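Note sheet for the following structure.
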Amino acid sequence: MKKLPVKFRNDSIRGWCVYEIYNQMLKNRNIWVITGDLGYHVLDLIRRDFPDRFINVGAAEQSMMGLAVGLALQNKIPFVYSITPFLLYRPFETIRNYLHHEKIPVKLIGVARNKDYEEEGISHWAEEDKQVMSIFTNIESRWPETKEEVSQLIKEMVKNKKPYYINLQREKGDTVKSNKKVK
């Protein structure tokens, strides 16, 4: 795979994911990105270049998911980007009722697996996401391992009108808000 353009700065799976979403946003005005008070550095260019389609809801996970459902019902393609526990556990009821049962095509991107954010404490751990997602058989769930895989997956998510969940593992060199690097 070619090198990530310099302006994206983060040559990780997360960086490639955001790069692909950015490229899709250039082509499709229906794509929106919603985040829950994180991802600033990796999402900076989306926030700058698409301010009308980028929403940071803050620490309001249920509202974040409700907003995404509303956008999807208006034929938009919402990508919800957050740390995995905040994405899945806090808005569980909305995911269950609307994404799973009603099959509303919201695209979920969970950042971090297992104890990728161990230093941030248990609230940031995502040790159960596979078990949680296994009950949602109407949500396409994936755990991509490579940059190439995540790039293709974003294209697939844009094209398909079904709910998705993908989980992105934190890689060496990725930083968190405390600016600690993964060893």
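A few notes on this one:
- Sorted by Cβ density within 10 Å, fewest first, the residues S63, S134, S82: S134, S63, S82
- Those trypsin sites (Lys or Arg not before Pro) in region 123-166 that DSSP places in a loop and that have at most 12 other beta carbons within 10 Å: K161
- Stretched out straight at 0.36 nm per residue, the stretch from K162 to L26 would grow longer than its current Cα-Cα span by 46.8 nm.
- Rounded to 5, the percent of DSSP beta bridges in region 11-168 classed as antiparallel: 5 percent
- In terms of other Cβ atoms within 10 Å, V80, V150 run from fewest to most in the order V150, V80.
Every read-out reported here was derived from the displayed coordinates using simple, explicitly stated rules and does not represent laboratory data. Model, not experiment: these values are computed from the prediction. Cβ sites come from the backbone with ideal geometry, for glycine too, and all protein chains shown count toward neighbours.
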